[in-house]
Every structure is written in structure tokens, then in C-alpha cells.
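Computed from the coordinates by the stated procedures, all read-outs in this text should not be read as laboratory data. Note that the coordinates shown come from a computational prediction; the quantities given were computed from them, not determined experimentally. As a convention, Cβ positions derive from the backbone with ideal geometry for all residues, glycine included, and neighbour counts pool all protein chains shown.
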Amino acid sequence: MNRQSPSQGSAGQAGRGSNSAQTFAQKALARAAGRERVEVGEVVDVRPDVVLSHDNTAAIREIWREFGQSQVVIPEKMAITLDHAVPAPTTRHAQNHAEIRRFVQEQGIRNFFEVGRGICHQVLSEEALALPGQTILGADSHTPHFGWLGAFGAGIGRSEVAALWATGELWLRVPESIRIELDSELPKGVTAKDLALRIIGDWGADGGLYASVEFSGSGVEAMSIDSRMALANMMAEFGAKSSYISPDGKTRSYLEAALERRAAREKKAGTAEDFSLRVAESQLFPDEAAAYAATYRYSAGKLEPTVSCPHTVDNVAPLSAVAGTVVQQAFIGTCTNGRLEDIAEAAEILQGRQIAAGTRLLVVPASSMVLQEAMQRGYIQALVAAGAAIGTPGCGPCMGNHMGVPATGEVTISSANRNFRGRMGTTEAEIYLASPAVVAASAVAGRIADPRDVVQEK
Amino acid sequence: MIRGRAWKYGDNVNTDVLFPGKYTYTARGRDEIASHALEDLDPAFAANVCDGDVIVGGRNFGCGSSREQAATCLVYNGVGAVIAQSFARIFYRNAINNGLLAIVCPEAAQAIQQQEHVSIDLERRTIESASGRFEFPPLSVTVREILEAGGLVAQVKRRLASARTAS
């Protein structure tokens, strides 16, 4: 009923059978494998440009020790962020962090980010540690995040990260690609999160299984970088291996500024032209006539605020269908929706209002940089004045470790990416997923609410 | 040959119910990891599962997190194989990398009943139970090599050793 003019397998017009045209995934994995070209379905050994891990690094080190090496072979490609349970909620978590710090020191890992710096995907983006066309493999399922900048990001397991530390190499199957087009700019009140939930609702949590999802269309071009990150990141919940958005002027400016910041901090030389050249030379674009397993077209004008209901992400409903559901907890944060744009939307709604009695709002910025900018712009002041609790940048209560786990019987509305039963720590709680604006409006109303209604009521 | 009883679950069995996120950065060691297996899906599982038992799932088995314990908690409980209509990609890799056979066989996944006796012949690529005899497609060469090596870590160890000998 709510699928929009999908044209499954409609790659034909442009060139199924056109042998030479390649998808982004083919080009990126050919580059990572040091090959001229690779074919869909082929298994290739790739050498990724970045290998990320986080609080799971100590457990990965235990596996890596079985290889009997004293030094990892790719220290310069490794990026380690403490983000999943920060600051340490228990002594055991603290021991885990301590082991990771020792390992980082021993191995001379330069790209290490301490408690409070933020979530791995956000931090690596802000630090421009990944460039367009590169391959990022991470011991984190939301690694498709790096599609925002036109890079190939895929989640892998702990043993695989250990194998990469030891050999620099891992096998990947070259995936089929799905193309998703958004025809025009999203209307006010409708966000990239709503589009992502809609896609997952339409095609199922396994609708993108094993695939590389390529986004295109003027609606995607019109999106801010923060929105693109939310969209690419959420493809993990579509079953996708990776996602891709073509780099453009916005992408390049973001990365050039990030490279410049890092060079300044590391006291390294480099002119704006150098950075711009590095970014531009790294880009990869799919060929016009590349073959897609499916093409889905979405019309921005037909999209609306969308909510994912308990207990699967693909159990979506229009906001209007669940509005009025009483919530005890509202949470804004995570690698999906804890960025400046998200906090700005929340602050706009909460400015001059109070969170409803019986409801609490937790806001956990995705990074220290997001937090600083949100402070400079007065967003944090507005949120705190409205009664919000602000947490240390990181993953927050997303996976039930700490910092806002619900009580049994409670309902949470969250800007996160998963609402699985038990996700936030107890199976006896319900989680609804929505955009940050809907979460903020719901905190004010004490029940799931449309931001447009809340703003009008003033 | 793998022989055991079936533990049957539905579609989209996610990694949070296979192994809750709250233990993922602290649980260490086989026994502790094994004890939390399927805690939020089937609290009776960890105490009653026997060596060789088989998990039967629906579509998108193992979706969600990349946490490897979602697979190792099954291995440490002696699970012989997982049969599903389809697997989430990271879970599939984690299973194979830990020597846990993950079989895509929609017919068997649908037909096999809870607690039914199941036998799996990897050579003949057949699954047998009271519900019928099913054939499954050949595993890819890459996957077969990892399983034959005894998992990814064993395979990498062997490669590193032969590289050292060669040099």
C-alpha cells in the first residue's frame, strides 16, 4: 500500500547485459583488491584502507594473540574509539577499557579516540580518516555509514578484524547493487530517517540483504551531510552490506575542512589545494549503465513522518497511526541521529517549552565536536532548560549497557536504529524509532506526537 | 554427520536476543558466553541444549549487531548447525569463521518441527528429519575452506605459518 512505484529489476533500460559498466561496489572492491575490475558474485581478497574497532578491541586482541605476532601489520590503518559503554559503567567495563589503552600504547596506534570523543562512525567522519572510494571494514554493524562520503563501508566480525590486524587482508564477495532514487527535496518535517524507515518498511529488514545500496536523485543531492549520514547508516537495518551516496561539493568541503583541522592539530603541512586534490582523486562513481538487482523510486512529496514500532525495524507505521502512545522515555542520539542537525531540530521544538511530567528526555551527542557546536549555538542550553539530561558523547543507552535503560513496562521513543525486544536492557520494554524531531515533540507531549502539532500549540 | 534435536524460532532472530548487548563488552570465556545464549528469546535453551542440536530459523537469521558472541554462544553450547531461510551477512560470516555450519535451506527451515530429530550430512548435502529429506546447495569454495581449516583463526594461523616457512 505504501510502496512507491517500485520497479524491481528495472535495470534493463540502461544496460543489464552491458558488460563493461560497473557499480560503485565493483569499482571500490576492485581498487581494494588491487585489480583492474571485479565481477558481481566473485570472492576477492581486499586490503581495506581503514579497520575500525571500539570497546570490542580487547576481545579482538585476545583472538589476535593466537596468531603469535608481537606487532600488528597495519597499525596506521587501525582506528579505535571507546564509545559503546563510556564512561565505564562498571569495573568490568573499566578493565576492558584499560586493556584497550594498554594495547593501543603497545602497538603505537595513532588513531585512538578516548572516552568522550564520540561514536566511531561519527569520529572517523569528522577526522576524515576515510576518503571517497576507500574501503572501511569495521567490527560494528553500522559501518555502511561511510556510504555518506562515497566510501565502501561494511561490518565484519571480531575474528575477521583480528585476521586483518595479522594479515591486512580479508575476503569479501562482490555484492549485487540496489539503486534507490529520491526525486526531490524532502518536505519540511520529513527527514532522511523517515525515508530510511519507509524503505525498510516497504521491503523488509532483509530487503537489502547482502547488497550495496546506491542512492541517487535530486532529493539526495539536496540533503545535508548530517542527513546523508543518517540515511547511509540506517541501511544496516535493511540488511545491506554497504551503501553509497555520490560525493559532491558538500562532501568535498566537509572532508577538506576535516583534513585541514587534522593537519593543523598534528602540525603537518598541507594547503587547501592539497586536501582538495586528495579528496577529488579518491572519488569513485558508478557507471550510468551499471546493472542493478532492483531500482526503487521514491517521491519526496509522498513521504511522511514515519515510526518504527516494537519489536522490529521494518514494523513501520505513519506517525499519525501511533500518535498518542504514552512514552516514559525519549532518547536522542546514536550514530544514526545524534548529530548537530538532529540536536538543532530538537532544540527548536524544545525552546521555551518543558518536557511533560512523567517523561524524561536523554540527549547524547554523537561526538565531542557535535556537543561543542551545539553549545556554541545555544542548543544545549535550550534542551537543559526544557528539562533534558545530556550524556557523554558515545552510543548512550542504544544497546542497553547504561545511561538510560528503561524499567520494565516502560515505553521509549528513540532516534536510534534498533527496537529489538530487549535491545535497551529488558525484554519487558517497548521501543519506537523515529526522527529526532518526533522524539523531541513526543517528550514535550508525553506521548508520541507530531512536531508540527507541538510547534503550532505554542 | 550432525545429529540432534531442533530448536525452532521465527523470522528476524536478531543478535540482541541471541546474545544480549549488555554482556557484549564484559562476558569473557566459553562458559560465561555460553550461559547467556538465547537468553531473551528462549530462557530454557542454554540449560537444555545438547551437543549436536540444530537451530532452525526463518528469514534474516542473526540480523542486527556484528557481535561475534551471537555465533560463538551457540558453538560453546555444542550446537551442530543453524538452518535458516536466509542469514544476515555478518552473522553468517561469524558462524562460518567459528566453524559453525550455517545452511540456507528454506524448505527444511519451514518444514522441521520443534524438538524433531535432525541429521545433517555435509558430504551429501542432505538434511533428514521426520518432516522429510531436504537437499541444500553446495557451500562456496571460500566457506568450505574456512570450515575445513576449523575456522578463520585456524586458517589464518596456517597461512601465516606457511608464509614464514616460505620466507
Would you work out if the stretch A:337-457 is rounded, prolate or oblate? Take a ≥ b ≥ c from the square roots of the eigenvalues of the alpha-carbon gyration tensor; rounded if a/c is under 1.5, else prolate when a/b is larger than b/c, oblate otherwise. oblate
Rounded to the nearest 5, what % of DSSP beta bridges with both residues in the stretch B:2-166 are antiparallel? 50 percent
Rounded to one decimal in nm, the spacing of the 7 Å Cα→Cβ label points at A:Gln456 and B:Arg158 is 6.7 nm
The farthest towards the positive end of the charge dipole of chain B, of the residues B:Ala44, B:Gln85, B:Gln69, given +1 on Cβ of Lys and Arg and -1 on Cβ of Asp and Glu, is B:Gln69
Give the long-range amide H neighbours of A:Ile180: residues separated by 5 or more places, or on another chain, with amide H under 5 Å away, using H modelled in the peptide plane at 1.01 Å from N. A:Glu214, A:Phe215, A:Ser216, A:Tyr296
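Quick one: compute the contact order of the stretch B:2-166, relative version, from alpha carbon pairs under 8 angstrom and 6+ residues apart, as a percent.
Working: 340 pairs, mean separation 37.7, N = 165.
That works out to 23 percent.
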B:Thr165 paired with B:Asn48, simple spin-label distance in nm, labels 7 Å along Cα-to-beta-carbon: 4.8 nm
Based on Cβ point charges of +1 for Lys and Arg and -1 for Asp and Glu, what charge dipole magnitude is obtained for the protein assembly as shown about its Cα centre, in debye rounded to the nearest 20? 800 debye
Tell me, how many Å apart are the Cα centres for the stretch B:151-167 and for the stretch A:116-132? 33 Å
Rounded if a/c is under 1.5, else prolate if a/b is larger than b/c, else oblate: which is the stretch B:2-166, with a ≥ b ≥ c the root eigenvalues of its Cα gyration tensor? oblate
Can you list the residues, at least 5 places off or on another chain, whose amide H is less than 5 Å from the amide H of B:Gly4, using H built in the peptide plane? B:Val118
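Given the pairs A:Lys241/A:Lys267; A:Lys77/A:Lys267; A:Lys193/B:Lys8; A:Lys27/A:Lys268; A:Lys193/A:Lys302, which span a C-alpha to C-alpha distance of over 25 angstrom in this model? Numbers along the way, then the final one.
Working: A:Lys241/A:Lys267 36 Å; A:Lys77/A:Lys267 20 Å; A:Lys193/B:Lys8 34 Å; A:Lys27/A:Lys268 31 Å; A:Lys193/A:Lys302 15 Å.
Result: A:Lys241/A:Lys267; A:Lys193/B:Lys8; A:Lys27/A:Lys268 exceed 25 Å.
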How many angstrom lie between the Cα centre of the stretch A:160-217 and the Cα centre of the stretch A:221-270? 15 Å
Given charges at beta-carbon only (K, R positive; D, E negative), |dipole| of the stretch B:2-166 in Debye: 680 debye
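Within the stretch B:96-167, which GluC sites (Glu not before Pro) sit in a loop by DSSP and count at most 14 neighbouring Cβ atoms inside 10 Å? Don't jump to the answer; show the numbers that get you there.
Numbers: sites: B:Glu107, B:Glu116, B:Glu123, B:Glu128, B:Glu135, B:Glu145, B:Glu148; in loops: B:Glu116, B:Glu123.
In loop regions of the stretch B:96-167 (DSSP not H, G, I, E or B), the sparsely surrounded GluC sites (Glu not before Pro) are B:Glu123.
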Note on the protein assembly as shown, DSSP bridge orientation, antiparallel percent to nearest 5 equals 30 percent
For the stretch B:10-18, just list the computed ³J(HN,Hα) in residue order, Karplus coefficients 6.51, -1.76 and 1.60, θ = phi - 60°, integers in Hz, with x standing in for Gly and Pro. x, 7, 6, 5, 9, 5, 5, 7, 6
With θ set to phi - 60°, apply the Karplus curve 6.51 cos²θ - 1.76 cosθ + 1.60 along the stretch B:112-129 and write out the HN-Hα couplings as whole Hz, x wherever there is a Gly or Pro. 4, 9, 3, 6, 5, 6, 10, 10, 10, 10, 5, 5, 7, 6, 10, 10, 10, 7
Output the relative contact order of chain A, whole-number percent, from Cα pairs under 8 angstrom with separation of 6+ residues. 19 percent
